[in-house]
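Everything on this sheet refers to the single structure shown next.
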Amino acid sequence: MLEDYAGVVYDLDGTLVRLEVAWDAVRTDAAAAYRDAGVDPESRDLWALMADADANGLGEAVETVISRHERDGARTSTRLPLADALAPETRPVGVCTLNCEAAAYVALDVHDVADHVDAVVGRDTVANHKPHPEPLLATVDRLALAPDDVVFVGDSERDAETADAAGTAFAWADDLHAADR
């Protein structure tokens with residue numbers, strides 16, 4: 001199926017690598033940033049803290065906390081089988097991730113595949129994040145392709161929604177893993 005497209009864009013975490021991030025610790029640190037600024041984080045989960053950060057004047061502080069954990073988790077990440085598809089790839093390849101861009105580069109470097117990726121767009125690269133189409137469309141644009149010439153490979157419903165919103169094809173990472181077995 002992937003061979004039918006002029007380019008491939010991959011999600012990062014859960015598709016090419018598995019970041020070793022203790023998300024409970026990230027939430028604890030993000031909540032601490034709220035408390036340090038005199039704002040009650042209540043019992044909101046990390047996504048809610050992230051969504052409300054700008055409105056509370058904490059966008060940069062919360063992003064710094066999350067990005068630090070993601071970069072650390074990228075350094076100890078596990079390479080997944082689909083990463084092996086990057087080296088022989090001759091078409092344009094991109095990575096569109098909900099993680100910060102720096103963590104994506106760290107993980108790609110750690111697993112010696114950075115040279116096989118032509119474009120990386122992270123949560124902090126553009127104004128919106130998945131499932132909004134902007135990050136995937138930015139990745140496709142950086143590959144100098146049209147959305148209908150690209151397949152987005154991901155591991156979550158959010159990834160499938162992103163592909164649909166952006167007008168690209170979508171392939172489940174698990175289906176591709178199964179096809180390689």
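Read-outs throughout are calculated quantities, based only on the coordinates presented, and are distinct from any laboratory measurement. Note that this is a predicted model, so its numbers are computed, not measured. Every residue, glycine as well, gets a Cβ built from its backbone with ideal geometry; the counts of neighbours run over all protein chains shown.
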Taking amide H atoms as placed 1.01 Å from N in the peptide plane, list the residues 5 or more away in sequence, or in a different chain, whose amide H sits under 5 Å from that of V17.
L80
Rounded to the nearest 0.05, what FRET efficiency is calculated for A32 and A87 with R0 set to 35 Å and r the Cβ-Cβ distance?
0.30
Relative to the longest principal axis of the C-alpha atoms of the chain, give the angle of the C-alpha long axis of helix 101-110, reported between 0 and 90° and rounded to the nearest 10°.
60
Show me the three semi-axes of the equivalent ellipsoid for the chain, from the C-alpha gyration tensor (sqrt of 5 times each eigenvalue), largest first, rounded to whole Å.
30, 17, 14
Long-range amide H partners of V120, meaning residues 5 or more apart or on another chain whose placed amide H is closer than 5 Å, are V95
Non-local amide H neighbours of A171 (under 5 Å, H modeled in plane, Pro and chain starts lacking H): which ones?
F152, V153, G154
Return one number: the angle in degrees, 0 to 90 and rounded to the nearest 10, between the long axis of the Cα atoms of helix 59-75 and the longest principal axis of the Cα atoms of the chain.
50
Cβ-derived FRET efficiency at R0 35 Å, A146 paired with R79, nearest 0.05
0.70
Compute, for the range 36-142, the length of the dipole vector about the Cα centre, with Cβ point charges of +1 (Lys, Arg) and -1 (Asp, Glu) only. Units Debye, rounded to 20.
320
Net charge around D159, counting only other residues with Cβ within less than 9 Å of its Cβ (Lys, Arg = +1; Asp, Glu = -1)?
-2
Relative contact order, percent, of the chain when contacts are C-alpha pairs under 8 Å separated by at least 6 residues?
26
Expressed in nanometres to one decimal, the distance between label points 7 Å along Cα→Cβ at H116 and W47 is 3.1
Towards the positive end of the charge dipole of the range 23-75, with charges on Cβ (+1 Lys, Arg; -1 Asp, Glu), say which of L46, T64, A33 has the farthest Cα.
T64
Using label points projected 7 Å from each Cα along Cα→Cβ, tell me how many nm separate A22 and D175, to one decimal.
3.7
Can you check what the net charge comes to around S77, using other residues whose Cβ is under 13 Å from the Cβ of S77 (Lys, Arg +1; Asp, Glu -1)?
-2
